[in-house]
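The values are calculated or read from the model by the stated rules, or taken from the named source; none is laboratory data. All values derive from a computational prediction rather than experimental measurement. Quick reminder, even Gly has a Cβ in these numbers, built from the backbone with ideal geometry, and neighbours come from all protein chains shown.
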Amino acid sequence: MKTLSRYATALTVILIGAIGAASAYGLFNPPRRWVPTTLPRQVVVDSTGIFTINDVDHGVSQSIIAVERWNGSPVGTLLDAVSAPVSGYVVGDGTSVIYFPGQFDSNPDCTGSCLALTVMSYDPGSETCCGNTDMKTMNDADVIFNTAGQFWCSELEDQNPNDPCSGIEYYVEQVVTHEMGHLLGLAHSSLQTAVMYATSATNENKALTSDDLAGRNFIYTCSFQYGTCQGGGGHGGDCRPFCYE
Amino acid sequence: MRIRRAGILTAVSFGVLLAAMSSVMHGSVFKTLSLKEMKQSSEAIVHASVASVRGSWNESHSMIYTFVDLEVHRALYGRSDRHLVLRIPGGIVDGFRVEAIGAPQFEVGENVVVFVSHWKDGTPMVTGYSQGKSRVEPDKAKNLVLRGGIADGIPLSGITKQIDQASR
């Protein structure tokens, strides 16, 4: 009887441990990152902003702050945000933008239940090693917001006693921070408190958690090297580097 | 008593583990929709096979889209042509790969259930991005079950009833 009880307790501990391990940051499949020579990555924030955000510049300054939340020790500066007019996005042009389509954009790719969409390209034939993990090389990533179909606010707007964020609005800071995590190579975390958790609730504005930062640190503090392609590889091929050698 | 407690502990552990694993959903940032909301946002829900998948640049060469040809077996809700071509953001052209994080991905030959609505230009799309696509796969007992998306875990034989109930 006692043995059974111990067994159950041990199983519980193992399962909770497994949940802890599962409740962590995720990498894309295949994993990908920016190579050191392309860092810091410049991100152009659309100076138009989001027309429904009632702060000094329609959420642009707050978006810039949110982009740069990912910088810091031990990775240094990964992202450098600037503000400029953005009229759209072009995949593969090497320029990362956060695009806030206007109220009358006729064909946004992020519509309906989509709050913001990250579109990225990478070279499937690239071969790099991040420690023991095979990585592909990203060559572009853009973020498109659903400005017309959702309600948005910012921390600055929330400080306005006449127009605080309401229960139907999403914080632009949280969504920008989340999308920048994707831009850096992070997939979703299964930890609900993490910024990189898959869904956002209205009126929710999370800070980066240790789980988010662990994901960032894993990708950008690894021992980086260019790999040697196994098999055919090459541009368009399915390259597998020898990261375990 | 101890045996009961051990059993409860084990059951709770497995429950928590399953809940933690099932909460993972791929996407950029999306509102999580209920089955009722998904139905309300869709013109049709179809059971279909993927006949072909083709990536293509748009006219301005700014974005790659994937066009997915569906051979529709039957409409589980609404009306549908026997042949549908969905447009999905992202895809591959000449080895150049673009991913729209959270957009559904299709493979030729896949047996799927898809919630169908339209982009603003009228082209069919998957409602709710990856929430609107489920694969139809046999379980251990050889029963066909939906995997992935909003309908994850629902048996194919019971999906029509669940869709009907979703509007009440």
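What the table below lists for this structure:
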{"read-out": "Where A:Pro101 falls short, out of the listed (1) more than 25 Å from A:Asp158 (Cα to Cα); (2) within 12 Å of chain B (Cβ to nearest Cβ); (3) touching a Pro at 6+ places or on another chain (Cβ under 9 Å)", "value": "(1)"}
{"read-out": "Criterion (within 14 Å of chain B (Cβ to nearest Cβ), modelled with pLDDT of 80 or more and out of contact with any Lys or Arg (no Cβ under 8 Å at 6 or more places or on another chain)) met by exactly one of A:Thr177, A:Thr193, A:Thr221, A:Thr202", "value": "A:Thr202"}
{"read-out": "Candidate set from segment A:167-213 (those that are charged (D, E, K, R) and under 19 Å from A:Arg32 (Cβ atoms)); member that is farthest from the chain's Cα centre (by Cα)", "value": "A:Asp212"}
{"read-out": "Flag for A:Ser121 being farther than 20 Å from B:Asp121 by Cα, at the interface with chain B (Cβ under 8 Å from one of its Cβ atoms) and within 19 Å of the chain's Cα centre (by Cα)", "value": "yes"}
{"read-out": "Unique residue being modelled with pLDDT of 90 or more and among the β-branched types (Val, Ile, Thr) when the list is A:Val45, A:Val13", "value": "A:Val45"}
{"read-out": "Residue match in segment B:100-117 (condition: modelled with pLDDT under 95 and of a type in the set (Ser, Thr, Tyr))", "value": "no"}
{"read-out": "Test: residue in segment A:88-99 that is assigned to a strand (DSSP E or B), in contact with a Lys or Arg (Cβ under 7 Å, 6 or more places away or on another chain) and not polar (S, T, N, Q)", "value": "no"}
{"read-out": "Residues (among the hydrophobic types (A, V, I, L, M, F, W, C) and touching a Gly at 6+ places or on another chain (Cβ under 7 Å)) located in segment B:35-67", "value": "B:Met38, B:Ala44, B:Ile45, B:Val50, B:Ile64"}
{"read-out": "Whichever residue in segment A:48-65 is of a type in the set (A, V, I, L, M) and under 18 Å from A:Tyr89 (Cβ atoms) and, among such residues, is modelled with the lowest pLDDT", "value": "A:Ile50"}
{"read-out": "Test: residue in segment B:94-108 that is assigned to a strand (DSSP E or B) and of a type in the set (A, V, I, L, M)", "value": "yes"}
{"read-out": "The lone exception for B:Lys133 - which of (1) within 11 Å of chain A (Cβ to nearest Cβ); (2) under 30 Å from A:Asn139 (Cβ atoms) it fails", "value": "(1)"}
{"read-out": "Meets criteria (at pLDDT 80 or above, facing another protein chain (nearest Cβ under 10 Å) and not in a strand (DSSP E or B)) for B:Ser42", "value": "no"}
